[in-house]
Amino acid sequence: MLKNQFTWIDYPAQYENEIETWCDEAATRFALDSDSVKTEHQWYLNAEDYTYGSNYLCKIALDGETPVALVMLAIYTRETAVYPTENIVYIDTIIINPALRGQGYGTQILYDIIHHADQLMNSKDNIFVAQIHKDNSASKLIVNKLGFQFICTETEANDTWFNWIYPASATERFLACQQNT
């Protein structure tokens, strides 16, 4: 399959201006709750429920020296959540460099997150949950290609999102835990 080809670094100030230019209409509509990565990242850093490096990560994937993607992850570990055997990793935001979209980077980035989580976020035994906007056909194709299972539809703020889970074998356990919370 695919190989780990990226260097992952924490969201640094040196790339902040470049990453902000990625906040085009598609990124804002499909990936961000706010108008910018900087604002979204700051929200996580100020939120009481999140601690950077523990249950929240904001990473940049580099291909050589070129930033190709930004990823924000919210992590609920088996020690802090109701899931006794797995960590739940919510793939909050993935933004691909607009100059590189349509070249397979989205698939490779998501593959890296899933298959190299032990290195990227120092966690094993993960269930990954991706919430994808109803109009984001590219992301729906990627999760299908990588073996995610559709689990439900959510409507919030008069918009519709589809939730997907990986591995598909975790669907029943995840849904059962959701009902118990």
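Only residues that are buried (at least 20 other Cβ atoms within 10 Å of the Cβ), among the β-branched types (V, I, T) and within 24 Å of E20 (Cα to Cα) were counted in region 94-133, giving 6. Looking at W8, is it part of a strand (DSSP E or B) and of a type outside the set (V, I, T)? Spelling it out, W8 is indeed part of a strand (DSSP E or B) and of a type outside the set (V, I, T). Which of the residues spanning region 125-153 are closer than 18 Å to N87 by Cβ and over 16 Å from the mean Cα position of the chain (by Cα)? Within region 125-153, D125, I151 meet the criteria.
Residues in region 148-172 that are under 15 Å from V89 (Cβ atoms) and in a loop (DSSP other than H, G, I, E, B): F148, P167. When A176 is tested against (1) assigned to a helix (DSSP H, G or I); (2) buried (at least 18 other Cβ atoms within 10 Å of the Cβ), only condition (2) is not met. Would you say I60 is buried (at least 20 other Cβ atoms within 10 Å of the Cβ), farther than 22 Å from W164 by Cβ and either among the aliphatic types (A, V, I, L, M) or at pLDDT below 90 (or both)? Yes; evaluated as a whole, the condition is true for this residue. Of all the numbered requirements in (1) closer than 25 Å to N144 by Cβ; (2) at pLDDT 90 or above; (3) more than 13 Å from the chain's Cα centre (by Cα); (4) outside any strand (DSSP E or B), V68 misses one, and that requirement is (4).
The values are calculated or read from the model by the stated rules, or taken from the named source; none is laboratory data. Treat the numbers as computed from the prediction; the structure is a model and nothing was measured. Quick reminder, even Gly has a Cβ in these numbers, built from the backbone with ideal geometry, and neighbours come from all protein chains shown.
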